[in-house]
Every structure is written in C-alpha cells, then in structure tokens.
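The values are calculated or read from the model by the stated rules, or taken from the named source; none is laboratory data. Quick caveat: nothing in here was measured; it's all calculated off a predicted structure. Note that we place each Cβ from the backbone using ideal geometry, even for glycine, and neighbour counts take in every protein chain shown. Protein only, heavy atoms only, side chains kept; ligands, DNA and RNA dropped before computing areas. Shrake-Rupley method; radii C 1.70, N 1.55, O 1.52, S 1.80 Å.
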Amino acid sequence: ATRQKLDQAAVRATVKAYARYRQGLPGGSRPTLAYYDLSGLDLSCLDFSGADLSGASLHRADCRGTNFSGATLFRADLRMAKMMEADLTRADLRGACLRGADLSGAIMCEADLREGRLLYRGKGGDLTAVDVEILPVEFVIANLASADLTRAKVAGSIAMQADLTNAILRGADM
C-alpha cells in the first residue's frame, strides 16, 4: 500500500488542531496519521502524544524533542530519524524499524518494543495475519546513548552495532 505524503503545512495544521482538541476548543481533532508519509519533515518539538502513527513513514524525519508519549508507532518506519531527546514514554513501537535512528537521550520508559504483526478480523470474527512475517524492532546502527529504557519491553528486538552507552535499562524486559 502506498502512503499518502503529507507536507510540512499539513502536519503543522494537524498539530494545531490537536492542541485545540486538548483544550476543548472548537475545530480541534485528535491526530490520526496512520500509514501517512512524513519522511524528511521537521517534526521537532511537536506534540504527537497519544497520536496514531501506525505504519507511518518517518524516515529521515527530524523528531528532536518531539512528544510521542502514549503514541502508537506500530510498524512505523523510523529509519535514520533524528529522535534525540524525544519522549516515547509508553509508546507502542512494536515491529517498528529504528535502523540508523538517533535516539540519544530519548525517554523510552515503559515503551513496547516487541515484535509486531498486522492482523485483520474476518467475517467469522477470527483474526488472520495480513502478513506472513513477524517483524522485530530493529536497533541496527541505532544510537541509544543515554536513552532511558526503564521498564521498556524489548524482548525479541534486534540490536546490532547499536550504541547503548549510558543507557538506562532498569527493569527492562529483555
């Protein structure tokens, strides 16, 4: 499936509408950015807390200081994303690709970084896999220096050439 590309103005409008939503003002809405292409955009210091970014592409996006707490980034493409100091507390990152991402100083407390598989409910109510491959979270050439992974669920993740210097792994499910 092809992702719809959003430009910088559309993302800013979405975030602005979300701020109005949180304040209970008219014209507000909760961001649903599932399966959108946000690659290469400047998302730094924006608030995507609680947003649905399932399957979204944030490839090479600038997410420095961005608030993704409680957000759903299930099977998101975060390759080469700049996520320094981002808040990913309790974020759902199951099956996300973090290859080459810079998560130095990120807060990932209680984040779910287990493998992820897409399912759909058939006519009889049974769940069926959309894809045959269960994807693990990939920390390949990722920078997690000084990242806080307290109580994060990382079992089944792949970490190769990842920098975990001074990372906090207290209570992490490995």
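Here is a check on your reading of the model: is Ser69 at pLDDT 95 or above, surrounded by fewer than 17 Cβ atoms within 10 Å (Cβ to Cβ) and closer than 24 Å to Ala152 by Cβ? Answer is no for this residue. Only a single criterion out of (1) open to solvent by less than 20 Å² (accessible area, probe 1.4 Å); (2) under 11 Å from the mean Cα position of the chain (by Cα) is not satisfied by Leu38, namely (2).
I need the full set of residues from segment 126-145 which are at pLDDT 75 or above and either of a type outside the set (A, V, I, L, M, F, W, C) or surrounded by fewer than 10 Cβ atoms within 10 Å (Cβ to Cβ) (or both), in order please.
Scanning segment 126-145 gives Pro136, Glu138, Asn143.
Filtering segment 150-166 to residues that are of a type in the set (A, V, I, L, M, F, W, C), under 19 Å from Leu88 (Cα atoms) and open to solvent by 60 Å² or more (accessible area, probe 1.4 Å) leaves Ile158, Ala159, Leu164.
Taking segment 72-98 as the range and being among the polar types (S, T, N, Q) and either modelled with pLDDT under 95 or surrounded by fewer than 22 Cβ atoms within 10 Å (Cβ to Cβ) (or both) as the test, only Thr89 passes.
Selection of segment 1-37 for residues being of a type outside the set (A, V, I, L, M), touching a strand residue (DSSP E or B) at 6+ places or on another chain (Cβ under 7 Å) and not in a helix (DSSP H, G or I) yields Arg3, Gln4, Lys5, Thr32, Tyr36, Asp37.
Residues of segment 1-20 being of a type in the set (Ser, Thr, Tyr) and either open to solvent by less than 30 Å² (accessible area, probe 1.4 Å) or on the phi > 0 side of the Ramachandran plot (or both), which ones? Of everything in segment 1-20, just one residue is of a type in the set (Ser, Thr, Tyr) and either open to solvent by less than 30 Å² (accessible area, probe 1.4 Å) or on the phi > 0 side of the Ramachandran plot (or both), namely Tyr18. Taking (1) of a type outside the set (Phe, Trp, Tyr); (2) farther than 20 Å from Ala101 by Cα; (3) buried (at least 16 other Cβ atoms within 10 Å of the Cβ) in turn, Gln23 satisfies each apart from (3). Residue count for segment 45-66 under the criterion of being open to solvent by 30 Å² or more (accessible area, probe 1.4 Å) and either in contact with a Ser or Thr (Cβ under 7 Å, 6 or more places away or on another chain) or touching a residue at least 40 places away in the same chain (Cβ under 8 Å) (or both): the result is 6.
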